[in-house]
1. Would you confirm, using the coordinates I've provided, whether Pro173 is of a type outside the set (A, V, I, L, M, F, W, C), open to solvent by less than 70 Å² (accessible area, probe 1.4 Å) and touching a Cys at 6+ places or on another chain (Cβ under 7 Å)?
2. Being buried (at least 16 other Cβ atoms within 10 Å of the Cβ) and either in contact (Cβ under 8 Å) with a residue 24 or more places away in the chain or outside any strand (DSSP E or B) (or both) is the filter here, so list the residues in the range 144-153 that pass it.
3. Can you tell me which of Ala89, Ala56 is more than 30 Å from Glu159 (Cβ to Cβ), part of a helix (DSSP H, G or I) and open to solvent by less than 60 Å² (accessible area, probe 1.4 Å)?
4. Of all residues in the range 154-183, which are among the polar types (S, T, N, Q), touching a residue at least 24 places away in the same chain (Cβ under 8 Å) and in a loop (DSSP other than H, G, I, E, B)?
5. Please determine whether any residue of the range 123-134 is under 14 Å from the mean Cα position of the chain (by Cα), over 17 Å from Leu147 (Cα atoms) and open to solvent by less than 10 Å² (accessible area, probe 1.4 Å).
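The values are calculated or read from the model by the stated rules, or taken from the named source; none is laboratory data. All values derive from a computational prediction rather than experimental measurement. A quick note on method: Cβ atoms are made from the backbone with ideal geometry, for glycine too, and the neighbour counts reach across all protein chains shown. Keep in mind that these areas ignore ligands, DNA and RNA; they rest on the heavy atoms of the full protein, side chains included. Shrake-Rupley method; radii C 1.70, N 1.55, O 1.52, S 1.80 Å.
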Amino acid sequence: MNNSIARTLSGAARSTIADPELSRADRVALLTLARRAIEASLCGRSRPELPEVRGAKLRRGTHDLRGCIGHVSGDRPLGQVIRQVAVSAARSDPRFPPVEPGELAGLRIEISVLAEPVFTPTTELCHIVIGRDGLLVRRDKVQAVLLPQVATENDMGPEAFLSAVCHKAGLEPGSWREPATRVFTFTADVFVE
């Protein structure tokens, strides 16, 4: 999942893959949860309860456009992940000043729920679909993620997208071609308040 509190394009303006297991009510409840988690953190209150919707119990990853703060693995319930990542994006992104209470009303919450990343052999990387596929690259102890919308927002083709995710991981841009670098693809369901 991706909780983005940056000023970005509307999720509705993007080409994304809807998660068939998330209903409209799930999406609304998860957006509300993210906002309430940020508000509770800013005001020194305890974390909000998880909503009683099916989507909050699904095991999915999430990621944040603003600060690249996220949780890629689907090892925990989505509601727990959203609650944590929303606060981390608002308060702990080292590239931005922490969100202040007076800014909360002006934030637009965006969530990207990630499908489980799938290893993609180098010979299959030519099949990456820009706007549909996100990338995760791993090599030794480093990894980096770029959401599907990053490629479309930056007018990247597949090779530029692959090189960008390698660069983000601190690797040489073409290192996605090397056997020691593992590339995974995933889709994301992006929704916004």
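1. On the way: of a type outside the set (A, V, I, L, M, F, W, C): yes; open to solvent by less than 70 Å² (accessible area, probe 1.4 Å): yes; touching a Cys at 6+ places or on another chain (Cβ under 7 Å): yes.
Yes: the conditions hold for Pro173.
2. Narrowing the range 144-153 to residues buried (at least 16 other Cβ atoms within 10 Å of the Cβ): 144-152.
Those that are buried (at least 16 other Cβ atoms within 10 Å of the Cβ) and either in contact (Cβ under 8 Å) with a residue 24 or more places away in the chain or outside any strand (DSSP E or B) (or both): Ala144, Val145, Leu147, Pro148, Gln149, Val150, Ala151, Thr152.
3. Details: Ala89 fails: more than 30 Å from Glu159 (Cβ to Cβ).
Being more than 30 Å from Glu159 (Cβ to Cβ), part of a helix (DSSP H, G or I) and open to solvent by less than 60 Å² (accessible area, probe 1.4 Å) holds for just one of Ala89, Ala56, which is Ala56.
4. Quick first cut of the range 154-183, residues among the polar types (S, T, N, Q) only: 154, 163, 175, 181.
Imposing the further condition that a residue be touching a residue at least 24 places away in the same chain (Cβ under 8 Å) reduces the set to 175, 181.
Passing the criteria: only Thr181.
5. The answer is no, given that none of the residues of the range 123-134 is under 14 Å from the mean Cα position of the chain (by Cα), over 17 Å from Leu147 (Cα atoms) and open to solvent by less than 10 Å² (accessible area, probe 1.4 Å).
Here is a yes/no grid of residues against (1) without any contact (Cβ under 8 Å) to a residue 24 or more places away in the chain; (2) farther than 25 Å from Val53 by Cβ:
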position: His71; (1), (2): no, no
position: Asp75; (1), (2): yes, no
position: Leu78; (1), (2): no, no
position: Ala86; (1), (2): no, no
position: Asp93; (1), (2): no, yes
position: Phe96; (1), (2): no, yes
position: Glu103; (1), (2): yes, yes
position: Ile111; (1), (2): no, no
